[in-house]
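First comes the structure, then the notes that go with it.
The values are calculated or read from the model by the stated rules, or taken from the named source; none is laboratory data. Quick caveat: nothing in here was measured; it's all calculated off a predicted structure. A quick note on method: Cβ atoms are made from the backbone with ideal geometry, for glycine too, and the neighbour counts reach across all protein chains shown. Keep in mind that these areas ignore ligands, DNA and RNA; they rest on the heavy atoms of the full protein, side chains included. Shrake-Rupley method; radii C 1.70, N 1.55, O 1.52, S 1.80 Å.
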Amino acid sequence: MQNIIDRFVSYVTIDTESDASSKTTPSTAKQWDLANKLVDELKKIGLEDVTIDNKAYIMATLPSNVDHEVPTIGFISHFDTSPDFSGANVKPQIIPNYDGKDIVLNAEQNIILSPSYFKDLLQYKGQTLITTDGTTLLGADDKAGITEIVTAMEFLINNPEIKHGKIRIGFTPDEEIGRGAHHFDVEKFGAEWAYTMDGSQVGELEFENFNAAGAKITFKGKSVHPGYAKSKMINSMLIANDFINELPRDETPQRTKGYEGFYHVHHLSGSIEETVLELIIRDHNKLKFEKRKDYIHKIVKKINKRFVRKFGEDIAIAEINDQYYNMKEKVLPVKYIVDIAENAMKQLGIKPIIKPIRGGTDGSQLSYKGLPCPNIFAGGHNFHGKYEYVPVESMQKAVDVIVRIAELTAKGDYLKQEKTVRKR
């Protein structure tokens, strides 16, 4: 597994943090550093048709080694890291034969990765962990996925006795700021379906995600000297507070799980004259999702009605924009692509954990662009922060799953099952 460690470390030590405020693609110039390295590496291991476009989208091909027709499949990961925490000067620590006890990430700052808080750690006793040094994130999201895809392709190239069809791989920028699939050329990619290697713990297999929207509510006000403000001042910040209090208190991220949707206020700034509130709306159920958006408009309408005489115009203005939709709608008609991944895991002794994604993924947008794209585990934990870690054995298992999916697709047994289902 040393090759996995070496490859992963070489990726995470390159800073690729994306920037939501940027208007370019990629959003940061430093993403090119890893992108160009990946292009060179893909050519070096023997992949064909290696390309990178002017927005840093990378594609490459592993040709089929069978003489019968096999669907072209793909594997996709992103190389940017989250702007939520620093990705500069990452210094990964290798913890061989983890003993199940506290891991000192940074003695000077007393930063401890402890199984008493992060109980998942105990699953990996005896394994090799890669952690941060407590001052940055690690970047396993999603450089673990890239490591796994490249390693799997290299393994298939070096072991031609393993039969597979044509495989396309794709690496994208800016996934962490919601733009990873924006400029992905599905037609050029040319796969019938694909898998993003972007999940967390071993066994995760996901083909459902939130329907998502972002909302921006602007509240207006009137500023008057506070000593003479009675019946004259309108404090927009207090109106924003009234709006927040109208939201269901139990429908927030910290109070929901599974298929439960939520409202999440994530930004609030203002003055007496104007306050801007930003929130996100999430729900797996499309009907409930639409009702959530309607409820935002209902609250705004209620506030405007209250101030119509005093203010003379709308005092609250809502802008709601859909961000992405539940990929389930696009994946269910070709559910066998999920079954292939599930069978691959079972054959490798991995228990599939099939659950909804409480978030978004490139796979959602890609599915709606015509490329059905479930999500498979990459192995990491505690993404986007200093407590992030990944077991090397988990990355190896992800490599094995990629290889087995390629084998099962080449055998075509799933097609017989699919035809039987259709006849019934």
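Going through (1) open to solvent by 10 Å² or more (accessible area, probe 1.4 Å); (2) of a type outside the set (S, T, N, Q); (3) in contact with a strand residue (DSSP E or B) (Cβ under 6 Å, 6 or more places away or on another chain) one by one, ALA144 falls short only on (1).
Scanning the range 101-120 for residues that are farther than 19 Å from LYS91 by Cα and touching a residue at least 40 places away in the same chain (Cβ under 8 Å), we see that the one that is surrounded by the fewest Cβ atoms within 10 Å (Cβ to Cβ) is ASP120.
Quickly run through the range 66-84 and pick out the residues that are open to solvent by less than 10 Å² (accessible area, probe 1.4 Å) and either within 17 Å of GLY360 (Cβ to Cβ) or of a type in the set (Gly, Ala, Ser) (or both). Result: GLY74, ILE76, SER77, HIS78, ASP80, THR81, SER82. Filtering ALA20, ALA56, ALA29, ALA35 for residues that are aliphatic (A, V, I, L, M) and on the phi > 0 side of the Ramachandran plot leaves a single hit, ALA56.
Scanning the range 19-62 for residues that are buried (at least 17 other Cβ atoms within 10 Å of the Cβ) and acidic (Asp, Glu), we see that the one that is nearest to ALA191 (Cα to Cα) is GLU41. In the range 362-424, counting only helices (runs of 4 or more DSSP H) that sit wholly within it, the ones holding 2 or more residues that are at pLDDT below 95 and not β-branched (Val, Ile, Thr) span 362-368, 413-423. Applying the criterion of being modelled with pLDDT of 95 or more, open to solvent by less than 10 Å² (accessible area, probe 1.4 Å) and outside any loop (DSSP other than H, G, I, E, B) to the residues of the range 173-205, the residue that is farthest from LEU38 (Cα to Cα) is LEU205. Checked against (1) modelled with pLDDT of 95 or more; (2) within 23 Å of SER21 (Cα to Cα); (3) of a type outside the set (A, V, I, L, M, F, W, C); (4) open to solvent by less than 30 Å² (accessible area, probe 1.4 Å), GLY170 passes all but condition (2).
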